[in-house]
Ligand code: PEP
Ligand code: MN
């Protein structure tokens, strides 16, 4: 239920009402809904709870019901698209968010060199894995804490925002204060303990869709982070597993309009893991922007074939530099359809 307060209600008054609801056993959150303050009851409602419990409270003008199960990730409470600000860059605004970098941080020189070239090509966000979720335990597992330090330094030196994955709570401790956007990978999309823990921070979280997750499951995973108190969630579609085995995954571009309709959270597309094939990355990146994605995340290396991980899907720094202007042109058309 969503309590819509009187026009005259002030924020301090709404805070008092929140406290009262908490003592009544409800979990509630405050949000601005148009010109009104709204208080959403997210849990504590049972079969005995009647609408009258709320309409009789002071300040409550009327009560609305949620039309979606993802109460905080949806658009019932917050209609407007979320714009996340991080280190003076934005995700979800008119500016296209370009996240680029290697699959894995391999050494200090490598991440600095790639940071410099992707930044020169127009990327403001630097990706790089320090803790790698590898299918085989015998494959390169990442540089760990050392890698976290390297990507932080490379991001700072190039005025970029760092994006890196954490897989458990110990890694989260290492990353906090150093990584600007925490990535939760596809394999951990439903690791609820981890979701709750990143939800206790205010650090933006990029949540990747599990390869067998429905949109509902994806948004419910996001809901865990939001419900724990962190509103800064970015959704990332990275391909799902289908019967097609030619590509690594099937990139679900359709996720963009669906997630945008259902949710106010920014949507990023990862055409690298979504296809697993280098030559497919530029066309699918363009398709993602054309579909209305807020940005893309791509794996880039100066020597793609020698990448320690995901070499087949890495594009060269040159290819990335050629790709960016076409993405910006498509974005401009999307934001202003009258452009000729
Ligand atoms: C990655 O982005 O480095 C990664 C491992 O992706 P995913 O979780 O989508 O497989
Ligand atoms: Mn990868």
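Some observations on this one:
- Taken over region 93-110, residues that are touching a strand residue (DSSP E or B) at 6+ places or on another chain (Cβ under 7 Å) and within 16 Å of ligand 2 (Cβ to nearest atom) amount to 7.
- Meets criteria (within 14 Å of the chain's Cα centre (by Cα), under 29 Å from residue 331 (Cα atoms), away from ligand 1 (no atom under 12 Å from the Cβ) and at pLDDT 95 or above) for residue 154: no
- Search result, residues across region 124-144 that are in contact (Cβ under 8 Å) with a residue 12 or more places away in the chain, surrounded by fewer than 16 Cβ atoms within 10 Å (Cβ to Cβ) and away from ligand 1 (no atom under 13 Å from the Cβ): 144
- Which listed residue is touching a strand residue (DSSP E or B) at 6+ places or on another chain (Cβ under 6 Å), modelled with pLDDT of 95 or more and surrounded by fewer than 17 Cβ atoms within 10 Å (Cβ to Cβ), from 244, 318, 322: 244
- A single member of 229, 295, 254, 276 is closer than 29 Å to residue 71 by Cα and touching a helix residue (DSSP H, G or I) at 6+ places or on another chain (Cβ under 7 Å), and it is 229.
- Residue within region 118-126 that is within 14 Å of ligand 2 (Cβ to nearest atom), within 18 Å of residue 301 (Cα to Cα) and touching a strand residue (DSSP E or B) at 6+ places or on another chain (Cβ under 9 Å) present: no
- Filtered residues of region 149-172 (kept if in a helix (DSSP H, G or I) and either more than 12 Å from residue 125 (Cα to Cα) or in contact with a helix residue (DSSP H, G or I) (Cβ under 8 Å, 6 or more places away or on another chain) (or both)): 149, 150, 151, 153, 154, 155, 157, 169, 170, 171, 172
- Selection count, region 267-296, where residues are part of a helix (DSSP H, G or I) and within 10 Å of ligand 2 (Cβ to nearest atom): 2
- Matching residues, region 103-117, being closer than 15 Å to residue 318 by Cβ and either more than 15 Å from ligand 1 (Cβ to nearest atom) or under 19 Å from the mean Cα position of the chain (by Cα) (or both): 113, 116, 117
- From the list 18, 77, the one residue that fits, being in contact with a strand residue (DSSP E or B) (Cβ under 7 Å, 6 or more places away or on another chain), touching a residue at least 60 places away in the same chain (Cβ under 8 Å) and surrounded by 12 or more Cβ atoms within 10 Å (Cβ to Cβ), is 77.
- Some residue of region 297-315 being within 16 Å of ligand 1 (Cβ to nearest atom), in a helix (DSSP H, G or I), crowded, with 18+ Cβ neighbours inside 10 Å and modelled with pLDDT of 95 or more: yes
- Restricting 259, 207, 235 to residues that are more than 29 Å from residue 316 (Cα to Cα) and more than 15 Å from ligand 2 (Cβ to nearest atom) narrows the list to 259.
The values are calculated or read from the model by the stated rules, or taken from the named source; none is laboratory data. Everything numeric in this text was worked out from a predicted model, so none of it was measured. In this analysis, Cβ positions are derived from the backbone assuming ideal geometry, glycine residues included, and neighbour counts consider all displayed protein chains.
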